[in-house]
Structures are given as structure tokens and as C-alpha cells.
Amino acid sequence: MRTIHGNWVGYGTVFYNEKTGAVSTSIEDVIDYTNLEIDLNGLAAYLDYGYAVFGRTAVKNVKYLLPNETLSVVDGKVHITESEDRMVDELGKRSREDDVLGMMEERINNWAASFQEDILIPTSGGFDSRLLNVLLKDRRRIRAYTYGTSFNQNLSRETVYAKALSERLGTHWQRIDLGEFNNYIAEWYALYGISIAASGTYHLEFYKQISDFEDHRKLHLLSGIIGDAWAGAFTVPEVKTIASYRTLGHTHGMSADASQAVEADYKDELVAPFFEKQKELLKMPEYRLLTTMRTKMMMLQFLVTLPPHYGFDSYSPFLEQDIAFAMLNLAPERRANRQWQRDFFKKHNVLFEEEKHRYTYQNSLNYYALLHHRLEPLNVPLLREIIRPAYLEWINTTLACINWKERVFQTLMHTPKVKEGLKLLGFKNRLMQAYFAYITIKPLEIMLLKRNAS
């Protein structure tokens, strides 16, 4: 008998097919394209979140293991058992900052000592990657790479802070210019199928360029994935109703409109059981953070699972349960606005937020990519089987018509402070809404094409 336990935070997702008994960490391995049927509620949830959620997918009988579930295969049949979630018992055990930092430093440097190759750190200039750069003792091995998110990528805050960090630590650093990542949607599907919208293709372009710069040599990657959640970067609003449960998806609008799925409303069947089971626990701010990370891990884990395809084996201390809970259990007033990390950075002379640097907050990378690569229209005759044609036509038309008026509007919508003012006046960035819907729906189109060809 084969037994698999769900990961505490949902990392390393295990997919399974209830009908065929297939089990794999790749959703593509468990989909039977010849007999593929659509799970309408799983489809609607995927559209709303931008990734598979609630243990369901858009394919009937294809599901995935949740953190408190155990999968066993007996005589070719999959059996799922659910256990009580004991993670809540770890919350509230107050921890000390020095102990947390010491634990991370020891874990990172023990990992680094286990191999001889250099260490790649995707360095955004943010707190998570900054902390990793500072805690790693052998800085001669660091290969820090950054991409900017603004039109002038050299003036992006990410670039400015990452460069300053490298100069002070004496590490190797280089900026990577992105903008062609929409060309990688087919490659993305080959890796993640319909488990995640094609929202991480920029990392395919990022790591391909790094691999080329490094002459395709082996590196080990140190990732800051979800460190911000444990550290205190944000809070999750209270979840008091089934309708508000979606805030735990932390989607940032990178999804589609579930109401446009043909005859599907997933909330009663999928959301309600989770809400009823968790509603008392969700009164705890720390449990809401944990649930948010568990929910979104389906999407976020590409930050660690994608680099190995370019020869970069990955590790993150923030995926380790004891480190995560030690960070969550720091004093609330010290976690607020990540004050404990700010003090640490100030001590090491890398708290750039208290210095004067010339940069822009602009985040226009997706718009920049749209200007440089015209997207192939969605296949309306094919997709109308599962999504309303009028919605698909709106997406295609919106993405095809970037005229001078739209360019002026986008310039304003990607100008910090001006953007906030426009939003207060009720303006919506429909171009970006169409783009996020497109990259959410495109994998579904590829799936249906594969089904029809099987």
C-alpha cells in the first residue's frame, strides 16, 4: 500500500485521479484526455481564484491532496482520509526574534555547506530576498539577479534596492530585462497544465536568461517564497461569510470571472464546507494567514518548482514548518509592518527605506509585455462549451484594441499616486482585467484542444 501525507502548507501538491487511480505531482500525469469531462464547479473556482482550489480542479475526478489529508492507494484505487488539523496548536507559542533569526541563519548556511556550487538568489530588493542575502555567510558564492517592473526597468524600486544591497554586501548582481514572457504560455502549460493560470510565465523568461548568462552551469537557488506572510508584511481581513472567504485566495485580481462559466456556481458545494469547518478558527489573524498561504500555495509554489527545469535546485527556509511558526509567533507589535526585520536591516546598514533613493513604484510589466507581443485570440468556438461567448469576445476585443486613447489611459493607470486617484473616481483597468482573464482561460483552451486531439 502506498501512503502520502499532505504537506503542512500545501507545498509539493499531489494530484490524483479518483477513476483511474493515477497519482503524481504533475497534473498532466493524472488527466485521462481520452475520457476527459469538465467539473463545472471546479472550473468556476479555478476561474475565480486563478488556480485550482478546495482540492478540486476543472477536470472531473482529478483532485489534489490537502494539507490535513492522507492518500493511500489500495489495489489501484485511491482512498483519502482526513485528520484533524493540528497546526492550530502551534499558534500562540511566543517566540524570540534572536532565536528566529538564528534558526534561519543556521538552516540556510547548513544547506549552503551541503554543496560546492554557487548560489542563485532572485533578489527583488524586498525584505525576504534581502534577509537571505544578509544571512548567507559565504557571499562570494552569491549570484543575485533582479528584474524591474517599470517601463524603465533600471529605475524600478526592485532594481535600485537590489543593486544597492549587492554593493554593500560585495556580491555579484545583474539585472534581467523582461517583456517577452507571453511567448511562454505553451511551455507553462507543459509544466502546470490547468492547475495554475499562466500567471508566472515571466519567471520562465527570467530563468532562461539567467541560465544563458551563467552558460547553463548548475546553481542552487535560495528562495524567499512566502516569507512576507510569516514576517508580518500584511494582514488578512476577517472572514465572516461564505462570500468573503475568497479574500483568503489573495488573488490581486489575477483571475477571471467565475460567473461567466456555463451553468456553474461553486460556492455552496465547495466553499461552504470549508467555511463552516474553519469559521471559528478564522477569527484568529494568524490562522487566516496560514489558510491564505495554504490556499494560494497551488500558485505560489512555482517560485520553487520552476527553477529546477533550468538546472537550479531550489530551497526556501520559509517552507519549513518550525521556521514559519516561529515567525508567526513573534510578538504582534513587532510583526506589525515587519518592525523586527526593519531593526535587523538597520543594524546591518541595509534599511534602504530610511534612505533617499531615486526610483519608481510603477508596476507596468504586464502592460509592457502586451505592447511587445500581440496575443493570439482565444478560441471562442472551442471555449463556448464551458465559458459564455460574449465574455470571450470581450476579452479578445479588449486585448486587440490598444489604441492611442488606451495608451494614454494605461500611462496614467501605471503612474503611482495618479493611479490611486483614478481608482477612487471609479475607473477600472479593463485592459488588465482582460489580460488576467486571458491568461487564466488560455490553459483551459489548450486542455480542450488536447482532449479533442486524443
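The values are calculated or read from the model by the stated rules, or taken from the named source; none is laboratory data. Everything quoted here is computed from the prediction, not taken from an experiment. Using ideal geometry, Cβ is built from the backbone for each residue, glycine included, and neighbour counts are taken over all protein chains shown. When the accessible area is computed, the model is the full protein with side chains, heavy atoms only, and any ligands, DNA or RNA have been set aside. Shrake-Rupley method; radii C 1.70, N 1.55, O 1.52, S 1.80 Å.
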When only DSSP loop residues count, what GluC sites (Glu not before Pro) in the stretch 357-440 have their Cβ near at most 15 other Cβ atoms within 10 Å? Glu385
Only Cα pairs under 8 Å and at least 6 apart count here; give the relative contact order of the chain as a rounded whole percent. 21
Using θ = phi - 60° and Karplus 6.51 cos²θ - 1.76 cosθ + 1.60, couplings along the stretch 115-129 (whole Hz; Gly, Pro as x): 8, 9, 5, 6, 10, 8, 10, x, 10, 8, x, x, 5, 5, 5
Considering only Cα-Cα distances, which of the following residue pairs are longer than 24 Å: Lys63/Lys267; Lys63/Lys93; Lys137/Lys356? Lys63/Lys93; Lys137/Lys356
If you stretched the chain out fully between Val418 and Ser83, how much longer would it get, using 0.36 nm times the residue separation minus the C-alpha to C-alpha distance? 115.6 nm
Trypsin sites (Lys or Arg not before Pro) within the stretch 224-271: which are DSSP loop residues with at most 16 other Cβ atoms inside 10 Å? Lys240
Kirkwood hydrodynamic radius of the stretch 2-86 from all distinct Cα pairs, in Å? 13.1
One finds the C-alpha centres of the stretch 66-84 and the stretch 163-196 to be spaced, in Å, by 36
Relative contact order for the stretch 2-86: what is it in percent, counting Cα pairs under 8 Å that are at least 6 residues apart? 35
Output ³J(HN,Hα) for the stretch 84-98: one whole-Hz value per residue in order, computed from phi by the Karplus curve 6.51 cos²θ - 1.76 cosθ + 1.60 with θ = phi - 60°, and x for Gly and Pro. 5, 7, 8, 4, 4, 5, 7, 7, x, 7, 4, 10, 10, 4, 4
Amide N proximity, the stretch 195-223 versus Gln116 label position 7 Å along Cα-to-Cβ, cut-off under 19 Å: 215-221
Through the Karplus equation 6.51 cos²θ - 1.76 cosθ + 1.60, θ set to phi - 60°, convert the phi angles of the stretch 99-111 into ³J(HN,Hα) values in whole Hz; use x for Gly and Pro. 5, 5, 5, x, 4, 5, 4, 5, 5, 5, 6, 5, 4
Protection proxy ranking, peptides 37-43, 59-65, 19-25, average beta carbon neighbours within 10 Å, highest first: 59-65, 37-43, 19-25
Stokes-Einstein D for the stretch 372-453 (4 °C, 1.567 mPa s, Kirkwood Rh from Cα pairs), in µm²/s, comes to 91
Set the Förster radius R0 to 30 Å, insert the Cβ-Cβ distance between Asp98 and Leu281 as r into 1/(1 + (r/R0)^6), and round the FRET efficiency to 0.05. 0.50
Roughly how much of His5 is accessible, in Å² to the nearest 10, using a 1.4 Å probe? 130
